[in-house]
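Rule-based calculations on the coordinates, nothing more; no lab input. Nothing here was measured: the structure is a model prediction, and the numbers come from that model. Don't worry about glycine lacking a Cβ; one is built from the backbone with ideal geometry, like all the others, and counts go over all protein chains shown.
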Amino acid sequence: MLSLSETQTAFAAAVLDADRPVPAGITSYMRALPEKRFNVYRNNIYASLIDVLEGRFPVVARLVGEEFFRATAKAYVSNQPPVSPVLMRYGATFAAFLDGFEPVADLPYVGDVARLEWAWNAAYHAADAEAVSIDELSDVPADQADALQFTLHPSLHIVCSLWPIVTILAANSGEEEPEPIDASAGGEDALVVRPALSVEVRRLPDGGAAFIGSIARGATIGEAADVAIEASDGFDLQANLTGLIQSGAIAAIRMS
Amino acid sequence: MSQSFDYRFSDPIPASAGVGLKAEHFAEIIDSRPSIGWFEIHAENYMGEGGPPHHYLTRIRDDYPLSVHGVGLSIGANGPLDKEHLAALKMVCERYEPALVSEHLAWSTHDGIYLNDLLPVPYNEETLGYVADHIDEVQEVLGRRILLENPSTYLEFEGSDMSEIEFLSGIVKRTGCGLLFDVNNVHVSATNHGYDAAGYIDAFPATHVGEIHLGGYSPDEGDDGEPLLIDSHGSAVSKAVWDLYTRAIGRCGPTPTLIEWDNDVPAWNMLLDEARRADRIIATQTSEHAVIV
């Protein structure tokens, strides 16, 4: 008789790979090695995980079409099945998978759109924190602003792209058929944050991503502004500061 | 000595109908505060750090008793339990103080891969040893008794040498756990394996049942055209399952009963109607018990 270990090893391998035969030892009251019955488990696993991915990446699904998306998701599930029963964590590597997935090579922006949708999911489930209000910044004397340090909101994510991902996301999130978008119109950097219950996605101004990245690494506002100006001549410190606070992206302000 | 009385732990699941909590219904439940006995959650949906799921559940928990139903512990696996996942389940229990905690007689994890389904096990002494050890571990870590659910299955193993009921009874005896009696699963498995569902209900160790599940299935066909039912949780409870439920309540007495509807989630009122129907059956049995007494 097969041990439980042998039974489950053979079951697990065959249930993920439809080319394998039904494992020995499996039977039914009608016949031994019942393939249709075994296929119920294969189908349950793949269909439920593809559903999870379709719910998590709805804009990617809309861009490539449902049938194509489900085939792509199936290839991903087969290639990288989940490693945790907590399925809100599944799909972290889907964007990288799309980057290297030959059938979507003619849609080079879908990988970054998937990154943006993953950031949305991560922000949705991130730790909660109260965002600081613009009044707290107004209280700081102007000559001390450079020495401030910000704690970013725990839900904050930045996604940088050579493609207009925020425009693509916004245009494909509604019910209506979107207007055509010029994918080569230039890149956009996205700020994703959930200050309360709703996830917000905003397009960052020039230098914004470099500015926030620098803040995330512990720089003062003055230091981060230097980095941002280095990255982009058009960086506007006041507009970025106000925009960040009004987005609810800052959880705490302190003097360095 | 300090007093460690906690009101919420003393707030048990009533012997009435409850409903599986779905995100689609959060707002309506909070706004309308429906008259319903209790809610059940899937533990894994509340293992994130924050966000809307915790926000809404915290508010709903303030008004209703709660049951926590795990779907990912893989109690029937031959490998060790995922300690990190068990710790996450403990956190959910500490945060929401459920009156009941349950899991499945099934496995879903192998070699670090999560197979997102409730996979069947052979019923024999070897499996019984693994399952009993895992339940002991879960009950020790959580510091409480859990309920184990009878599965719906689509195939059997040559390596089985005891019935499902003998297996479940053995687990109860070894671990002291209770049972979650899924009546839809009884109908599905009995149809799929050609045995009598009513006979299964009559033989089930009713004194250990702490909760009942009701849900919908979808019909399919096996390899030789024989009926094969799929436990899909995507439709209303069938007539056959309501009849079996009446029989089960007759054996178990009034028992907390969950309406499970996880896919193609319907409007809240439709779920509430299903719950009311379960409540009416419980009430009938309660009055019959009263007459007998």
| message | With touching a helix residue (DSSP H, G or I) at 6+ places or on another chain (Cβ under 6 Å) and either away from chain A (no Cβ under 14 Å) or crowded, with 22+ Cβ neighbours inside 10 Å (or both) as the only criterion, which of B:Thr255, B:Thr175 stands out? | response | B:Thr175
| field | Selected residue [crowded, with 16+ Cβ neighbours inside 10 Å and in a loop (DSSP other than H, G, I, E, B)] from B:Ala248, B:Ala236, B:Ala275 | value | B:Ala236
| request: Check off (1) in contact with a strand residue (DSSP E or B) (Cβ under 8 Å, 6 or more places away or on another chain); (2) within 11 Å of another protein chain (Cβ to nearest Cβ); (3) closer than 30 Å to A:Pro23 by Cα; (4) not hydroxyl-bearing (Ser, Thr, Tyr) for B:Leu89 and give me the number that stays unchecked. | output: (3)
| task | Collect the residues in region A:88-108 that are over 27 Å from B:Val92 (Cα atoms) and assigned to a loop (DSSP other than H, G, I, E, B), keeping them in residue-number order. | result | A:Gly100, A:Phe101, A:Ala105, A:Asp106, A:Leu107, A:Pro108
| query | Under 9 Å by Cβ, and 6 or more places apart or on different chains, what pairs join a residue from region A:211-239 that is over 15 Å from A:Phe150 (Cβ atoms) with one that is among the hydroxyl-bearing types (Ser, Thr, Tyr) and in a helix (DSSP H, G or I)? | reply | A:Asp226/A:Ser214
| query | Can you tell me how many residues in region B:27-51 are within 15 Å of A:His125 (Cβ to Cβ), surrounded by fewer than 20 Cβ atoms within 10 Å (Cβ to Cβ) and among the hydrophobic types (A, V, I, L, M, F, W, C)? | reply | 0
| field | Contacts under 7 angstrom Cβ, first residue in region B:191-208 being within 14 Å of chain A (Cβ to nearest Cβ), partner surrounded by 13 or more Cβ atoms within 10 Å (Cβ to Cβ) and not aromatic (Phe, Trp, Tyr), 6 or more apart | value | B:Thr191/B:Leu229; B:Asn192/B:Thr153; B:Asn192/B:Leu228; B:Asn192/B:Leu229; B:His193/B:Glu156; B:Asp196/B:Ala190
| field | Qualifying helices (runs of 4 or more DSSP H) (wholly inside region A:1-87; at least 2 residues being without any contact (Cβ under 8 Å) to a residue 40 or more places away in the chain, more than 9 Å from every other protein chain (Cβ to nearest Cβ) and over 20 Å from B:Ile75 (Cα atoms)) | value | A:35-56, A:66-79
| field | Within region A:88-108, tally of residues that are surrounded by fewer than 18 Cβ atoms within 10 Å (Cβ to Cβ), closer than 17 Å to A:Ala123 by Cα and of a type in the set (Gly, Ala, Ser) | value | 1
| So which strands (runs of 3 or more DSSP E) stay within region B:54-161 end to end and still have 3 or more residues that are closer than 22 Å to A:Val77 by Cβ? | B:107-110, B:113-119
